[in-house]
1. For Lys107, give me every one of the lysines with a C-alpha distance below 16 angstrom, ignoring sequence neighbours fewer than eight places off in its own chain.
2. Summing +1 for each Lys or Arg and -1 for each Asp or Glu, what net charge is found among the other residues whose Cβ lies under 14 Å from the Cβ of Gly555?
3. How much length is gained on full extension from Asn193 to Asp527, taking 0.36 nm per residue of separation minus their Cα-Cα distance?
4. For each pair in Lys166/Lys792; Lys295/Lys657; Lys207/Lys772, compute the distance between the two Cα atoms and list the pairs where it is over 27 Å.
5. With a sphere of radius 11 Å drawn around the Cβ of Lys777, what net charge do the other residues whose Cβ falls strictly inside it have (Lys, Arg +1; Asp, Glu -1)?
6. Could you list Glu537, Glu318 in order of exposure, starting from the residue whose Cβ has the fewest other Cβ atoms within 10 Å?
7. For Val852, what is the net charge nearby, where nearby means another residue's Cβ is under 12 Å from its Cβ and Lys, Arg count +1, Asp, Glu -1?
8. Just name one of Trp626, Leu796, Ile717: the one whose Cα is farthest towards the positive end of the charge dipole of the chain (beta-carbon charges, Lys/Arg +1, Asp/Glu -1).
Amino acid sequence: MNLSFKTYRKIFSVSARALLLSGFLLSCATYNVQKGKNLHEIQNSDNKTENDFKIFLVGDAGNADEPQAQHTLNFIKNKLDSADKNSMLLFLGDNIYPLGMPKESDKGYPLAKQKLENQLAITKNFKGKTLVIPGNHDWYHGLEGLKAQEEFVKSYLNDKKAFLPKNSCPIDDVNLTKDIKLIVIDSEWALINWDNHPGINKGCDIKTIADFYAEFKDLITKNQDKRIIVAMHHPAISSGTHAGFTSAKSHLYLFGGKFPLPGIASFVNILRSTSGGSMEDFSNSHYTEFANRIKSIIQDKENVILVSGHDHNLQYHENKNIKQIISGAASKTDPATIVEKTDFSSGGSGFAVLNIRKDLSSDVEYFSTKNNKLEKLVQIAVIKKHEEFINTYPDTLPATVTSTIYSERQAKAGKFYSWLWGNHYRRYYALPIEAKTKNLSDMDPGFSPFREGGGNQSNSLRLRTNDGQEFVMRGIKKSAVRFLNAQAFKKNSFGSELNNTFPERFLLDFYTTNHPFTGFAVNNMIDKLGIFHSNPELYYIPKQKSLGRYNQNYGDELYMIEERFSSDPKTLQSLDNASDILSTADILKNMRKDGKYSVDQDLYIRARIFDMLIGDWDRHEDQWKWAEYKVGDKVIYKPIPRDRDQAFSNYDGAAFKVIMNIPAIRHMKTFKDDIKSVRWLNMEPYPLDLIVLKNADQEDWIVQAKYIQEHLSDNDIDRAFDNLPKEVQDETITDIQRKLKLRKGKLEDYATKYFDVLQEKIPLTGTINKDKFVVTKTGNSVEVKQYQLDKKGEELVFEKKYDDSKTKELWIYGLEDDDIYEVSGEGKSKINIRLIGGYNHDTYNVENGNKVKIYDFKSQKNT
């Protein structure tokens with residue numbers, strides 16, 4: 001079909017008008033000051049008190065060679081000169097436009113250096129601390145450029161902590177005062193393609209994005225009693241250009257040009273705001289996921305403030321309990337708008353000052369430096385001071401209270417529903433239970449609550465005794481909303497919106513697949529086996545004076561109170577004088593450092609076989625703590641299993657017969673007379689088992705299975721349930737006891753079968769220091785010896801032979817430093833051997849390369 005030029009012009013004209021109209025509908029951003037009608041503005045701003053802490057927020061100052069940027073920096077300098085030591089200057093990234101810090105030999109280096117010096121020069125008379133964090137532009141010369149900028153800043157300011165996170169790692173934290181914690185995140189680390197940056201995590205404790213989010217959550221949980229400032233270049237909430245909000249002018253002039261291009265300019269703007277083509281925009285899926293994960297972790301916390309740059313303007317947002325400050329207008333300007341009624345925005349140049357008061361209330365001041373004039377635009381209340389707790393609760397409590405976990409309505413299920421979804425242990429959740437009450441302060445020793453727990457399901461409260469020991473008060477009723485936000489919808493930030501929804505109601509019913517009280521019996525059994533454990537007790541904890549401000553979310557429910565395995569002296573003494581208590585992540589980090597660290601293999605195997613006995617499939621790495629013991633020049637870790645919620649699970653019902661065959665949840669097994677598949681039951685602990693049990697052989701597993709059979713009698717099993725509430729000691733408990741006795745007799749078989757599963761694919765890891773792996777093929781087997789290399793020579797730290805009748809693959813990881821791999825022997829084993837090098841110069845001497853593959857970095861020198 002041939003169209004005339006006039007027809008083309010007509011079609012283009014109609015399209016252009018349509019694009020232009022849609023562009024104007026989307027173009028609500030301006031350079032003007034905008035305030036939401038419910039903005040928490042402070043009119044009388046003369047509220048400075050002694051010991052206030054000020055944080056000067058300066059973002060995107062990378063064009064510090066330009067006049068407007070220099071005017072802004074001069075205004076900031078004047079404020080810094082008069083500030084006291086209780087203050088910090090925080091540069092929020094994009095410190096060198098356009099490409100970060102180049103090599104010294106690069107022709108652009110002098111200008112880049114000058115831009116950075118212009119910013120740092122304003123600290124000359126500043127009495128407080130200065131901190132620089134990276135932005136996306138600071139990554140444009142890769143790891144080398146980022147580290148060069150870090151070294152320059154630290155040298156200029158003569159402060160090793162002036163640039164964070166250090167060593168191009170993703171996260172760091174600083175105590176600004178005893179009551180203020182600063183968490184610094186390199187948000188670009190979470191967005192970029194790591195394949196383009198070989199060596200990105202070298203020297204960092206955090207190696208994966210999952211570890212990063214876990215570390216961030218842990219820092220948030222540990223510092224609930226402080227004011228937390230989270231500094232990251234990319235904001236989690238925005239109404240600026242990066243979030244797709246553009247000005248009317250941008251739909252006429254493309255990229256700030258002088259000639260109007262209506263239609264085309266709108267098309268480009270709409271494409272940018274919807275395509276996700278740039279990972280620096282909210283429309284990009286990686287950015288959206290990052291922002292949502294950050295928000296989901298902090299959304300139920302009242303003490304967290306996010307501070308960012310990235311958008312070249314000034315913004316304040318308060319949404320779903322999340323407070324976001326944006327100050328990115330030090331050397332560039334872009335329009336912005338307001339979305340919520342509590343928002344603020346200004347598209348002019350300027351900066352912000354966050355004030356944290358002595359009472360830990362906080363407010364933010366925004367300053368404009370437009371037209372070389374300093375003007376305070378607004379002061380906004382961010383967090384109010386804690387309201388004083390006023391006790392209205394009685395001083396005396398009844399000796400016991402009868403209560404249920406769920407209401408009768410919550411536990412009610414019709415015949416069809418029960419047929420489809422099962423009966424589970426539902427009736428026990430609405431069964432009235434008589435429990436002792438306790439006034440926390442009157443217990444021996446007295447308890448004082450000091451922090452909320454950070455679990456994904458339980459509503460828990462950390463308690464501290466008068467002598468420093470820590471306990472946990474954990475609700476028998478689990479929180480469906482907490483789980484949904486932390487796990488099911490962790491890439492979103494629904495928050496309290498999930499209350500009273502179908503997902504919450506369904507999950508609360510799903511929780512009834514677990515018996516609410518059998519956890520009290522598990523520890524009685526494990527006590528017979530010489531494995532460390534807590535000693536939980538059941539109480540009804542009324543709301544009371546001792547709970548203080550925690551009465552808002554705790555009290556008037558059934559709770560389990562048990563020891564928390566922390567490093568306080570009394571706990572360490574109770575654990576045979578352990579030297580420390582560590583998490584699984586901590587011990588694995590130590591094991592990567594040196595061969596002197598190891599796990600008590602016998603105890604761990606015994607604990608794992610016990611898991612199979614009680615049907616506890618939920619034994620991932622967070623379900624363990626480890627007691628540390630120093631034995632000569634070695635360090636041994638003994639396991640402390642935690643959280644027995646999934647023991648004796650019951651997934652009955654027609655629907656579950658189908659659902660439980662889905663591979664992702666096939667490991668969630670009903671507790672029966674026998675274990676049909678030890679492989680699936682152990683799917684969650686399998687990765688940890690592979691790492692810590694590399695020295696174990698089949699006989700080790702059989703010995704520990706026999707140990708349990710010999711030390712846990714049938715009478716012990718019966719007596720273990722005696723401390724359950726008398727109301728639940730019925731035929732269900734009798735049936736659980738019967739199944740336990742049957743399964744106990746089959747433990748050797750379970751142990752042998754699972755050992756065979758572990759032998760199929762073997763991962764072996766070196767350390768972050770120099771290692772040598774000697775692989776010898778003989779007949780149908782492969783022998784592996786691992787040596788640790790140092791100045792003293794070689795030390796044999798591992799030796800084992802693998803037969804191809806059981807083992808199909810060997811994966812040998814050298815990790816960091818200069819490692820040596822030697823493969824020899826005339827054997828023709830069918831085992832596939834994969835040698836995986838790491839950072840630095842690795843050496844491969846392979847004489848018999850049959851079924852051997854080598855993986856290493858192209859960017860690293862290897863031989």
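Since every read-out is calculated from the coordinates, none of them should be taken as a lab result. Keep in mind the model is a prediction, meaning the values are calculated, not measured. Note that we place each Cβ from the backbone using ideal geometry, even for glycine, and neighbour counts take in every protein chain shown.
1. Lys115
2. Neighbour charge sum, excluding Gly555 itself: +3.
3. Computed gain between Asn193 and Asp527 is 115.4 nm.
4. As for pairs spanning more than 27 Å Cα to Cα, those are Lys166/Lys792; Lys295/Lys657.
5. 0
6. By the 10 Å Cβ count, ascending: Glu537, Glu318.
7. Overall, the nearby charge balance is +1.
8. Most positive-ward Cα: Trp626.
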